[in-house]
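What follows is a set of notes on a single structure, which appears directly below.
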Amino acid sequence: MNVRVRFAPSPTGALHIGGVRTALYNYLYAKKNKGKFLLRIEDTDQNRWVQGAEEYIIESLRWCGIEPEEGLGYGGNYGPYRQSERKALYYKYAHHLVQSGKAYYAFDTEEELEVMRSRLSDAGVAAPKYDASVRMEMKNSLSQDADYTASWINSGQGYVIRLKVDSGNTISYVDLVREEVKFASEELDDKVLIKADGMPTYHMANVIDDHLMEITHVIRGEEWLSSTAHHLLLYQAFEWQPPLFVHLPLILKPDGKGKLSKRDGAKFGFPVFPLAWAGQTEEDSFTGFREYGLEPEALINFLAFLGWNPGTEQEIFTLDQLVIAFDFDKVHKGGARFDIDKALWFNQQYIKQIPGDQIAQRLKPIIESNGWDYNPESCLAIIQLYLERVHKINEIPVQAYYLFTELSTYDQEAFKKHWKPELKVKFETLLADISSISSFDAQELESVLKEHLKVIGLKPGDVFPIFRLALSGSLHGPTIFQMLNILGKKGLERLHAQLKIMLDGL
RNA sequence: GGCCCGUUCGUAUAGAGGCCUAGGACGCCUCCCUUUCACGGAGGAAACACGGGUUCGAAUCCCGUACGGGCUACCA
């Protein structure tokens, strides 16, 4: 089989991380089977269309390295790939369904629908819906005669086209993840196929496009599982061979209470979008994983494991390795919670493999925008020192800022705790002794410094924490010899100046 | 509420009837390395939702219950 899969998002805003994972699984499956992965834009809801969303989707997939090779922005022989541009097509097919008795026109107003629902619900019907049991009591081309229907349509009053769902059938299919799934047709409503504005609903457009674009596997989120019955009915009505369906487990909030949503980023303190999104309002604007500092390879690796695993103990996978290892029989059925700690761990694994000069190139603009001097050599040295201490590259200039520029603050509490006033004179001797040092090789520095300590009668435990605070402001970080190695003479000067400041602050 | 789907350590998961005293990973804790932090190394706490079956034997199969999630629009 010539595998063709599609990622079909709606341009209603930023592309959610769950969407990225769906795109990823589509991509992996396509590549694994030497098939095609295409992008289709489902913009059938004109009210929810958002400027810039299409571009955002394309850029996101590109950043993640899972680019489609066909579809909107990529060309292909099955276009157009934007559903709004296929409007006439859907209507033609819907009309055909009406003619063959598989669908019908419906004229009910919103109020009339509401009346029907509340009447049914008052009568104790658990799930009031427009279906075979109420169809003939409603205003449609089945309950009314041909003249009425013709004149209504000619009058230009709005109408929709609904699928005629017969009761008494069982619709079943074999999901590649969930195995056999069954639905009773009584549970299904007469879904609207064409809306009053002439646009198709998702269900209609989806089925027609998947058929016309020769999609072999529909790989989508679990939120679509319930409507698959309707889609199957549509394939039946058209007498088309349906594609295979694969419903992916949802990505849940960290607390497991529902699927991860837009606002959860702010709530839980990490992004839920690949790239930053500037909406109309501040509330609708979000940061992305790119800006947060995750490497796309790490994000993809992490995302791949949210709902799938290779069955081995290997965790670090390149995209190509994922392509080889991926399969639906290893995809889980239950939803997976988003765990930012694990994502950061993946990122740490990845950044440790990036060559230092590449990281330096990325740090350069940040350093310069901070107004610091960019020195390739010391930058490289700083990277070497800090790469294993951070989870994200953008943490380096934050944590190691004191190696790029002047010290701005220090931990006063720590100083008070470690400073022994009775050692003041010895400290002064030490500082005077080392001010003539001219070699800043870390190892040499260490032996020289320790030698001085011994002569003066100071213990490393009394001196090093103080030096560390004077040099970096905090008790954490690389060895003071490494710091001095990078800072050079300036480090010695800082030692003097900062110690004075700290003593004055007592 | 109805329908559908699901449920192994805190998290993501391994597990396809005996290999399970349930494995590894992230996180957490202890120790080692070390002037500190991190890295690395060694250990530790930590799970089969519950109840019935089936079977010589069940985390694995079946049925119920509980809990969680999805859907229930002229949204996708």
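Read-outs: derived from the displayed coordinates by stated rules, not from any lab. Predicted model, so just to flag it, every value in this text is computed and none were measured. We place every Cβ from the backbone using ideal geometry, glycine too, and count neighbours over all the protein chains shown.
Of the residues A:Asp190, A:Asp197, which single one is charged (D, E, K, R) and under 20 Å from A:Pro128 (Cβ atoms)?
Working: A:Asp197 fails: under 20 Å from A:Pro128 (Cβ atoms).
Result: A:Asp190 is the single residue among A:Asp190, A:Asp197 that is charged (D, E, K, R) and under 20 Å from A:Pro128 (Cβ atoms).
Any idea which of (1) aliphatic (A, V, I, L, M); (2) more than 13 Å from RNA strand B (Cβ to nearest atom); (3) in a loop (DSSP other than H, G, I, E, B) is the one A:Met136 doesn't satisfy?
(3)
Looking at region A:26-46, which of its residues are within 11 Å of RNA strand B (Cβ to nearest atom) and either at positive phi or of a type outside the set (Ser, Thr, Tyr) (or both)? Please lay out each step first, then the result.
Taking region A:26-46 first, the residues within 11 Å of RNA strand B (Cβ to nearest atom) are A:40-46.
Those that are within 11 Å of RNA strand B (Cβ to nearest atom) and either at positive phi or of a type outside the set (Ser, Thr, Tyr) (or both): A:Arg40, A:Ile41, A:Glu42, A:Asp43, A:Asp45, A:Gln46.
If we keep just the residues of region A:175-233 that are within 27 Å of the chain's Cα centre (by Cα) and of a type in the set (Lys, Arg), which is nearest to RNA strand B (Cβ to nearest atom)?
Filtering region A:175-233 for residues that are within 27 Å of the chain's Cα centre (by Cα) and of a type in the set (Lys, Arg), the one nearest to RNA strand B (Cβ to nearest atom) comes out as A:Arg178.
Would you tally the residues in region A:52-104 being assigned to a loop (DSSP other than H, G, I, E, B), of a type in the set (D, E, K, R) and surrounded by fewer than 17 Cβ atoms within 10 Å (Cβ to Cβ)? If you could, list the steps in order and put the result at the bottom.
Our first condition is that a residue be assigned to a loop (DSSP other than H, G, I, E, B); within region A:52-104, this holds for A:52, A:65-69, A:72-74, A:76-81, A:100-102.
Keeping just the survivors that are of a type in the set (D, E, K, R) gives A:67, A:69, A:102.
After this cut, where a residue has to be surrounded by fewer than 17 Cβ atoms within 10 Å (Cβ to Cβ) as well, the list is A:67, A:69.
So the answer is 2.
For region A:290-396, give me every one of the helices (runs of 4 or more DSSP H) that falls completely inside it and has 3 or more residues that are β-branched (Val, Ile, Thr).
Details: elements: A:296-304, A:319-325, A:340-351, A:356-369, A:376-386.
In region A:290-396, the matching helices (runs of 4 or more DSSP H) lie at A:356-369.
Just for region A:83-114: of the residues that are within 13 Å of RNA strand B (Cβ to nearest atom) and without any contact (Cβ under 8 Å) to a residue 12 or more places away in the chain, which one is nearest to A:Ala8 (Cα to Cα)?
A:Glu110
Checking A:Ala23 against (1) in contact (Cβ under 8 Å) with a residue 24 or more places away in the chain; (2) away from RNA strand B (no atom under 15 Å from the Cβ); (3) within 26 Å of A:Ile324 (Cβ to Cβ); (4) outside any strand (DSSP E or B), only one condition comes out false. Which one?
Going through (1) in contact (Cβ under 8 Å) with a residue 24 or more places away in the chain; (2) away from RNA strand B (no atom under 15 Å from the Cβ); (3) within 26 Å of A:Ile324 (Cβ to Cβ); (4) outside any strand (DSSP E or B) one by one, A:Ala23 breaks only (2).
Are there any pairs, at least 6 apart or on different chains, whose C-beta atoms fall under 9 Å, with the first in region A:476-489 and among the small types (Gly, Ala, Ser) and the second in a loop (DSSP other than H, G, I, E, B), and if so, which?
Taking only residues 6 or more apart or on different chains, the pairs are A:Gly477/A:Ala400; A:Gly488/A:Phe440.
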